[in-house]
Amino acid sequence: MRYEYDVLVIGAGPGGSMAARYAARKGLKVLMVEKRPDIGSPVRCGEGISKSWLPEVELEPQPIWVSNEVEGARIFPPDEKTFIKLSANKAGNEVGYIIERDKFDKYLAALAAREGADIWVKSPAISLIFEDKKVVGARIRRQGEVVDVFAKIIIGADGFESQVGRWAKINTMVKDRDIVSCIEYRMVGIDIDKNFTDFYLGSCAPGGYVWVFPKGKDEANVGIGVALNKLKKSGEVKKYLDDFIERHPGLKKGKTIEIITGAVSTCPVPQSIVTDNVMLVGDAARLIDPITGGGVANACISGRLAGEAAYEAIRSKNTSKEFLKEIYEKKVREKLERKHLRNWFAKEKLSVLSDETLNKLVDAISSVELTSISVKSLLDAVQKKYPELVKEFEDLI
Amino acid sequence: MKVDTSKCNYCGACVGSCPVNCIFLDETRIVIDENSCTKCGFCIRVCPMGAISAEWFE
């Protein structure tokens with residue numbers, strides 16, 4: 001069988017659904033394919049999102065996917081003697097909701113469908129179709145039947161695994177220091193504060209952190225990310241999480257009702273995220289925030305930009321790499337690159353600090369009343385208590 | 001290379017980490033192309049479930 005569409009979106013996560021939604025809204029004939037039978041499931045996510053970006057993609061929080069709303073975040077140093085408390089507004093709305101990702105993803109796919117996009121589930125892309133060395137479609141195993149889908153624009157929204165980018169020869173290779181291996185338990189019967197997302201730094205999670213994202217009064221996602229260059233043995237990341245839980249009686253008594261695994265990239269934006277007829281969005285374009293590991297917001301934002309760029313390119317009858325760079329990639333960079341790069345540097349810095357230094361830093365920062373989170377206010381606080389530490393951070397300013 | 005499917009969670013961490021793109025995965029299957037594999041060990045170390053092993057990896 002042979003199908004023809006204006007736009008083929010591969011992957012029905014948040015990035016794919018947003019791309020399909022905005023392309024379809026412009027009147028394009030859109031198909032989104034998803035390899036899984038059940039969009040959004042199994043979950044591969046810590047499920048914490050911020051609020052600030054939701055209006056940018058015309059999203060209103062819905063009771064069906066908001067599991068819990070938090071007041072702020074707490075950052076614990078290795079000795080856990082004190083912590084930094086960031087309220088949601090001071091943290092630049094970096095914290096906000098704990099969501100049900102499976103419901104969220106289905107909600108977004110439904111938005112795309114209602115704009116007129118076709119959706120095929122249990123339909124993995126198995127290869128790209130090339131003509132004159134340019135991608136013109138993809139071969140899809142549609143519920144067992146192999147079919148060819150031709151499209152003017154192909155959007156790779158296939159997540160960290162990112163086959164579309166690799167097949168299309170877009171270099172999105174990530175170094176081991178910029179890959180974080182993650183495992184998370186959804187736990188019940190634990191002692192937590194429902195109003196805060198908690199982060200634990202230091203040697204409990206080298207090059208990453210442990211998170212406790214509350215989903216209810218005694219229920220949370222308890223997870224860990226460890227940088228790949230810090231992992232030496234097989235199964236080590238799971239051991240780090242199990243050891244952390246073992247040391248915390250309030251968590252240890254809980255029961256695990258789900259194990260979630262995955263990996264995230266924490267690299268700067270790649271050299272290129274487009275080629276002729278192809279755009280990459282979200283995790284596939286390595287747009288995950290290098291310091292938080294959060295990918296949903298950037299996936300949605302880049303998805304919208306790609307959907308709208310698809311319309312612009314098709315309308316202009318120009319789907320060349322150069323034009324897609326201009327109308328899509330450039331906009332992604334304008335929107336995300338500055339913060340992305342700054343957070344990448346901050347991550348590199350944080351990942352080499354000793355437990356002792358982290359203890360001092362958090363102690364210094366937690367002892368002052370923070371009216372705003374700026375690099376300067378943080379440095380002033382540290383300068384006051386541990387002047388010798390400031391030297392280590394001067395280059396971050 | 002061996003993949004223990006009783007441990008594998010089909011999350012794709014290994015697929016995205018492989019520098020030579022020699023790991024393929026669908027919902028129920030994971031295949032490593034030993035001919036392209038460079039034995040870097042990324043997949044073994046990145047696997048959150050510890051499901052991948054090889055005799056050359058200590």
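Using amide H atoms built 1.01 Å from N in the peptide plane, name the residues 5+ places from A:Leu128, or on other chains, whose amide H lies under 5 Å from its own.
Correct list: A:Arg139.
Within a 10 angstrom radius of each residue's Cβ in B:34-41, how many Cβ atoms of other chains show up on average? Whole number is fine. Numbers along the way, then the final one.
Details: counts 0, 0, 0, 0, 0, 0, 1, 5.
Partner Cβ neighbours, averaged per residue: 1.
I'd like the Karplus ³J(HN,Hα) series for region A:137-147: coefficients 6.51, -1.76, 1.60, θ = phi - 60°, whole numbers in Hz, and an x wherever there's a Gly or Pro.
Once rounded to whole Hz, the list reads x, 9, 8, 10, 8, 7, 6, x, 9, 7, 10.
What is the diffusion coefficient of the protein assembly as shown in µm²/s, taking the Kirkwood radius over Cα pairs and the Stokes-Einstein relation at 4 °C with a viscosity of 1.567 mPa s? Present the calculation step by step, with values, prior to reporting the outcome.
Values: Rh = 22.5 Å.
Reported coefficient: 58 µm²/s.
Would you work out which of A:Ile99, A:Leu228, A:Thr319 lies farthest towards the positive end of the dipole of chain A? Charges go on Cβ: Lys and Arg +1, Asp and Glu -1.
Highest projection toward the positive end goes to A:Thr319.
For the Cα atoms of chain A, what angle does the longest principal axis make with the long axis of helix A:14-25, in degrees from 0 to 90, nearest 10?
Between helix and principal axis, roughly 40 degrees.
Among A:Met187, A:Met1, A:Met279, which comes first, then next, by fewest other beta-carbon atoms within 10 Å?
Details: A:Met187 24, A:Met1 9, A:Met279 37.
Result, fewest neighbours first: A:Met1, A:Met187, A:Met279.
Simple spin-label model, 7 Å along Cα-to-Cβ: A:Ser272 to A:Gln143 in nm?
Result: 3.8 nm between the two label points.
Do any trypsin sites (Lys or Arg not before Pro) in region A:233-291 lie in a loop, going by DSSP, with at most 15 other beta-carbon atoms within 10 Å of their beta carbon, and if so which?
Values: sites: A:Lys233, A:Lys238, A:Lys239, A:Arg247, A:Lys252, A:Lys253, A:Lys255, A:Arg286; in loops: A:Lys233, A:Lys253, A:Arg286.
Passing sites in region A:233-291 are A:Lys233, A:Lys253.
Chain B: which trypsin sites (Lys or Arg not before Pro) are DSSP loop and have at most 12 other beta-carbon atoms within 10 angstrom? Please report the intermediate quantities before stating the final value.
Numbers: sites: B:Lys2, B:Lys7, B:Arg29, B:Lys39, B:Arg45; in loops: B:Lys7, B:Lys39.
Here the trypsin sites (Lys or Arg not before Pro) that fit, given the DSSP loop and packing criteria, are B:Lys39.
Enter the mean number of other protein chain beta carbons within 10 Å of the beta carbon of each residue in A:223-236, as an integer. Intermediate values should be presented prior to the final figure.
Values: counts 1, 1, 1, 3, 0, 6, 2, 1, 7, 3, 5, 15, 10, 5.
Across the residues of A:223-236, the mean count of other-chain Cβ atoms within 10 Å is 4.
Amide H to amide H under 5 Å from A:Ala12: which residues, 5+ apart in sequence or cross-chain, H placed 1.01 Å off N in plane?
Answer set, sorted by chain and number: A:Lys35.
About the Cα centre of region A:52-152, how large is the charge dipole given +1 on each Lys and Arg Cβ and -1 on each Asp and Glu Cβ? Please answer in debye to the nearest 20.
Working: 15 positive and 17 negative charges, 63 e Å.
Approximately 300 debye in magnitude.
May I ask you to work out the translational diffusion coefficient for chain B at 10 °C, viscosity 1.306 mPa s, via Stokes-Einstein with Rh from the Kirkwood sum over Cα pairs, reported in whole µm²/s? Provide the component values of the computation, followed by the final result.
On the way: Rh = 11.2 Å.
The calculation lands on 141 µm²/s.
Using +1 at the C-beta of Lys and Arg and -1 at the C-beta of Asp and Glu, which of A:Leu31, A:Gly137, A:Leu86 has the Cα lying farthest in the positive direction of the dipole of chain A?
Most positive-ward Cα: A:Gly137.
How big is the dipole moment of the protein assembly as shown about its Cα centre under a simple scheme where the beta carbon of each Lys and Arg is +1, that of each Asp and Glu is -1, and everything else is neutral? Debye, nearest 20, please.
About 580 debye.
Roughly what angle does helix A:236-247 make with the longest principal axis of chain A, taking Cα atoms, 0 to 90 degrees, to the nearest 10?
Helix A:236-247 sits at roughly 40 degrees to that axis.
Would you compute the Debye intensity of region A:130-278 from its alpha-carbon atoms alone, equal scatterers and no solvent, and pass along log10 I(q)/I(0) at q = 0.09 Å⁻¹ to two decimals?
One equal scatterer on each Cα of region A:130-278 leads to -0.43.
In degrees from 0 to 90, rounded to the nearest 10, what is the angle of the helix A:101-114 Cα long axis to the longest principal axis of chain A?
30
What is the dipole size for region A:206-304, taken about its Cα centre, with +1 at each Lys and Arg Cβ and -1 at each Asp and Glu Cβ, in debye to the nearest 20?
Working: 13 positive and 10 negative charges, 69 e Å.
Roughly 340 debye for region A:206-304.
Tally Lys/Arg at +1 and Asp/Glu at -1 over every other residue whose Cβ is under 13 Å from the Cβ of A:Ser265; what's the total? Before the final figure, lay out each step's value.
Values: positive: A:Lys175, A:Arg177, A:Arg286, A:Lys347; negative: A:Glu161, A:Asp176, A:Asp178, A:Asp283, A:Asp289.
Summing Lys/Arg as +1 and Asp/Glu as -1 gives -1.
FYI, it's all coordinate maths here, none of it is from the lab. Nothing here was measured: the structure is a model prediction, and the numbers come from that model. Methodologically, a virtual Cβ is constructed for each residue, glycine included, from the backbone with ideal geometry; neighbour enumeration extends over all protein chains shown.
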